[in-house]
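Heads up, the thing below is written out as structure tokens.
Since every read-out is calculated from the coordinates, none of them should be taken as a lab result. Remember, it's a predicted structure, so these values are computed and weren't measured experimentally.
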Amino acid sequence: MSEDEDDEPAVTLGEATPVEGVPLARVSSRLTWPKEKSELERLEGDSVLRTPDGPHELSTVLEDVDETYFQRRQEFEDHVRDVVGTGPVPTADD
């Protein structure tokens, strides 16, 4: 490869489209497990999650979760996804 080829990206990048909120994985990765639901609300309740229906505060989502204790990160994420669903996240342009 020549030096000129290294200066250009391999893929053409488009304009950044803002997406409100953070991924669920980012929130759950900041925590240690196991964790009680009340402790999750205290630590991360004001975090805004990206969801297929738009941004939602974690505390609001947790109101619809019946579980009160999460042994593992995956268990927590599964319960949250049961409430918010999965799928494409709308962008500001949608």
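General remarks:
- Extension reserve of the ARG81-VAL22 stretch, reckoned as 0.36 nm per residue once the Cα distance is removed: 19.8 nm
- Here the range 20-84 is described by how far its Cα atoms reach on the three principal axes: 28, 22, 19 Å, from widest to narrowest.
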